[in-house]
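Asks: Mind having a look at this structure? Questions to follow.
The values are calculated or read from the model by the stated rules, or taken from the named source; none is laboratory data. Since we're looking at a predicted model, the values are computed, not measured. Every residue, glycine among them, receives a Cβ derived from its backbone with ideal geometry; neighbour counts consider all protein chains shown. Note: areas computed on protein heavy atoms with side chains; ligands, DNA, RNA excluded. Shrake-Rupley method; radii C 1.70, N 1.55, O 1.52, S 1.80 Å.
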Amino acid sequence: MIDANLIFDSETRLTGSALGCRRGGRRVFDGLDFEVQAGDFLSLVGKNGSGKSTFLRMIAGFVPKVAGEVIYNQGGKTAAALASEDITLVGHQNGLKPGMSLRNNATFYYRLMTGGVPAPERLQIAADIFALGSLLDEPVQYFSSGQRHRSALMRFPFVARQIWLMDEPTVGLDADNRAALAALIQHHMACGGIVIAATHDPMWVQGNVLNMDQFQPAHGTETDDEGWL
């Protein structure tokens with residue numbers, strides 16, 4: 001792994017209470033409570049449309065919550081908002097520039113996230129985890145959908161962040177790359193990392209499960225706009 005000696009703060013906790021969110025004119029979920037701490041894996045399950053992706057984007061700060069509170073405790077400090085420097089989110093959109101090589105895409109991302117320039121060996125190791133090492137200098141526009149997805153997943157080991165948010169990370173992965181992803185997650189957890197993953201597939205990682213179906217709004221509440229955006 002890239003950061004073999006990296007150990008994250010063991011006191012880190014991320015909690016949410018009575019969370020609610022509204023997207024596209026409807027309430028997506030209501031009354032959602034969760035808690036994760038250093039070393040935890042939380043799997044988000046539920047039917048399509050139950051709010052798994054919305055939940056991840058809300059935690060990352062891209063979607064506003066309209067009820068409840070998210071508390072982040074790290075390094076002995078508590079805040080009601082998650083510090084952006086502690087999180088990596090990979091969602092359905094891979095965020096790659098097709099005309100650029102994988103190397104240039106990754107370097108751009110690293111600079112955006114850290115303000116620095118990655119060491120070449122760091123990039124090589126991250127790419128090799130998902131069998132992309134030989135494609136670093138190839139334009140992304142020629143990649144298959146699976147290769148593009150793996151190119152997005154390699155951001156997790158590439159940039160050191162304690163909290164990983166994954167949206168359907170196993171989609172398009174063959175057995176070898178699923179095993180590589182599971183090993184990567186387990187290593188991250190062993191270092192005190194936190195992983196929250198929305199998935200319909202088995203992840204081969206032990207952890208807790210949050211069933212989003214349990215937080216669906218009661219029938220007939222969608223038109224109550226008081227306090228909702």
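Asks: Is it true that Phe55 is under 20 Å from Pro169 (Cα atoms) and among the aromatic types (Phe, Trp, Tyr)? Even if it seems obvious, please write down each step before you answer.
Replies: Details: under 20 Å from Pro169 (Cα atoms): yes; among the aromatic types (Phe, Trp, Tyr): yes.
It is true that Phe55 is under 20 Å from Pro169 (Cα atoms) and among the aromatic types (Phe, Trp, Tyr).
Asks: Taking the stretch 29-65 as the search range and keeping residues that are free of Cβ contacts under 8 Å to residues at least 60 places away in the same chain and open to solvent by less than 40 Å² (accessible area, probe 1.4 Å), which one is nearest to Ile194 (Cα to Cα)?
Replies: Met58
Asks: Would you point out the residue of the stretch 1-18, among those that are small (Gly, Ala, Ser) and loosely packed, with under 14 Cβ neighbours inside 10 Å, that is farthest from Lys77 (Cα to Cα)? Don't jump to the end; show me each part of the working.
Replies: First pass over the stretch 1-18, keeping only residues small (Gly, Ala, Ser): 4, 10, 16-18.
Then keep just the ones that are loosely packed, with under 14 Cβ neighbours inside 10 Å; that gives 4, 10, 18.
On the way: Ala4: 26, Ser10: 13, Ala18: 22 Å.
Within the stretch 1-18, the match that is farthest from Lys77 (Cα to Cα) is Ala4.
Asks: Name the residues in the stretch 91-116 that are β-branched (Val, Ile, Thr) and either modelled with pLDDT under 95 or out of contact with any helix residue (DSSP H, G or I) (no Cβ under 9 Å at 6 or more places or on another chain) (or both), would you? Reasoning before the result, please.
Replies: Let us first name the residues in the stretch 91-116 that are β-branched (Val, Ile, Thr), namely 107, 114.
Within the stretch 91-116, Thr114 is the sole residue that qualifies.
Asks: Also: Within the stretch 79-122, which residues are of a type outside the set (A, V, I, L, M), within 27 Å of Gln37 (Cα to Cα), open to solvent by less than 40 Å² (accessible area, probe 1.4 Å) and in contact with a strand residue (DSSP E or B) (Cβ under 9 Å, 6 or more places away or on another chain)?
Replies: If the condition is that a residue be of a type outside the set (A, V, I, L, M), within 27 Å of Gln37 (Cα to Cα), open to solvent by less than 40 Å² (accessible area, probe 1.4 Å) and in contact with a strand residue (DSSP E or B) (Cβ under 9 Å, 6 or more places away or on another chain), then Asp86, Thr88, Gly91 are the ones that fit.
Asks: Mind checking which residues of the stretch 200-223 are at pLDDT below 90 and open to solvent by less than 80 Å² (accessible area, probe 1.4 Å)? Step through it out loud before you land on a result.
Replies: Residues of the stretch 200-223 at pLDDT below 90: 200-204, 217-223.
The answer is Asp201, Met203, Pro217, Ala218, Gly220, Thr221, Glu222.
Asks: How many residues, within the stretch 169-190, are of a type in the set (D, E, K, R) and touching a helix residue (DSSP H, G or I) at 6+ places or on another chain (Cβ under 8 Å)?
Replies: Quick first cut of the stretch 169-190, residues of a type in the set (D, E, K, R) only: 174, 176, 178.
With touching a helix residue (DSSP H, G or I) at 6+ places or on another chain (Cβ under 8 Å) added as a condition, the list becomes 174.
Number satisfying all stated conditions: 1.
Asks: What are the pairs, 6+ residues apart or on separate chains, where a residue within the stretch 138-155 that is over 19 Å from Ala180 (Cα atoms) has its Cβ under 8 Å from a residue that is outside any helix (DSSP H, G or I) and among the charged types (D, E, K, R)?
Replies: Val140/Lys97
Asks: At least 3 residues that are more than 19 Å from the chain's Cα centre (by Cα) in each: list the strands (runs of 3 or more DSSP E) lying fully within the stretch 1-99 that qualify. Walk me through it before giving the result.
Replies: Values: elements: 13-23, 26-37, 41-45, 67-74, 77-79, 87-90.
Where strands (runs of 3 or more DSSP E) fall fully within the stretch 1-99 and carry at least 3 residues being more than 19 Å from the chain's Cα centre (by Cα), they are 13-23, 26-37, 67-74, 77-79.
Asks: Sort through Arg155, Arg178 and tell me the only one that's closer than 15 Å to Phe108 by Cα, modelled with pLDDT of 95 or more and either aliphatic (A, V, I, L, M) or out of contact with any Leu (no Cβ under 8 Å at 6 or more places or on another chain) (or both).
Replies: Details: Arg178 fails: closer than 15 Å to Phe108 by Cα.
Only one candidate passes the filter, namely Arg155.
Asks: Turning to a different aspect of this structure: Does His187 satisfy the condition of being open to solvent by 20 Å² or more (accessible area, probe 1.4 Å) and within 16 Å of Ala4 (Cα to Cα)?
Replies: Numbers: open to solvent by 20 Å² or more (accessible area, probe 1.4 Å): yes; within 16 Å of Ala4 (Cα to Cα): yes.
Against the criterion (open to solvent by 20 Å² or more (accessible area, probe 1.4 Å) and within 16 Å of Ala4 (Cα to Cα)), His187 qualifies.
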